[in-house]
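Working notes, structure below.
The values are calculated or read from the model by the stated rules, or taken from the named source; none is laboratory data. Note that the coordinates shown come from a computational prediction; the quantities given were computed from them, not determined experimentally. Every residue, glycine among them, receives a Cβ derived from its backbone with ideal geometry; neighbour counts consider all protein chains shown.
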Amino acid sequence: MVNKWIEISQLINQEFRRKAAICDYEVGLLTTYRTIGRCSLFLKAENKKELEHALDISRQKDIEVAIIGNGSNLLISDNGFQGLIIKLGTEFEQVKIIDGYAYVGGAAKLPVVARSTSSKGLSGFEWAVGVPGTIGGAVKMNAGGHGSDMKASIESVDVLDTKTNLTEILKPNDLLFGYRQSSISRNQLVTSAVLKLSDGNPEESSELIREIVRWRLENQPGGQNAGSVFTNPKYKSAGRLIEDSGCKGMRVGSAEVSTKHANFIQADVGGKAQDIKDLMQLISDSVYSKFGIHLTAETEMIGFD
């Protein structure tokens, strides 16, 4: 009997005429935590036709699907993910600038978009140069920093429903943007977006970008982390609450609260996702015990109960 996942990979690959869908893939290494989680099947969909075909097969075979962007705000279970994980490829990475608008794919990296738009004399997206995510994930969580966020620039978003393959165009009023949140659901995939930016000066934008990069290098740790772990409670700094709760430098197995910025968790090489999750819970419990404040995690979880 042919293994279920081999059969599904063959069905996908027959259409592509290449080995696109890979069984038992070490997908944890695609996250910035670089943990050890695997998935039953992995596909990098290079264009919309490949994406829609893979989703059709997934529906026919009744398997679970998850989409990952740059893996910069993501934790995948050590036990893996029993399903298909899709990463968007080339067609979804494009950045085109026309008449003050930036037409960007869902897989376009935020630093690339920030530098591309500013070099063309458009201002308002410089803040994104230090955020290691993609447009799709940034829209979903209304990513932001340095006094701005995605809401400030979004003109429209193309969204594909992974359950039906139907596409719709959403406007800012449809997206219900809030602090680190939007109306984008787990079954909705941002395939592209249109950004409306302001006229700017490339030299001034370049200097601002250098300043943002300099600030991040000075104030945030490098290495294997996923950026800010918790959102800031109203009028509070999550990092300050965590530090004042005595968690800075706290360690669980292969995971440690950064000694440079307490709202970052650093993972050791070959680290375990469960250690990170357990440390997140310990931090949350400590802050609640000290201040009576519940912290909300920014991190997306795949494969956990």
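For the reader, a short list of remarks on this structure follows.
- The sole residue among Asn79, Asn70 that is within 24 Å of Val157 (Cβ to Cβ), in contact (Cβ under 8 Å) with a residue 60 or more places away in the chain and part of a loop (DSSP other than H, G, I, E, B) is Asn70.
- Within the stretch 1-34, considering residues that are buried (at least 20 other Cβ atoms within 10 Å of the Cβ) and free of Cβ contacts under 8 Å to residues at least 60 places away in the same chain, the one nearest to the chain's Cα centre (by Cα): Leu30
- Positions within the stretch 270-284 being at pLDDT 95 or above and exposed (fewer than 14 other Cβ atoms within 10 Å of the Cβ), in sequence order: Gln281
- Looking across the stretch 277-305 at every residue that is aliphatic (A, V, I, L, M) and over 17 Å from the mean Cα position of the chain (by Cα), the one that is nearest to Ser245 (Cα to Cα) is identified as Val287.
- Condition check for Ile184: over 27 Å from Gly89 (Cα atoms) and hydrophobic (A, V, I, L, M, F, W, C): no
- Put simply, of Glu204, Glu298 the only residue that is under 30 Å from Glu91 (Cα atoms) and touching a residue at least 60 places away in the same chain (Cβ under 8 Å) is Glu298.
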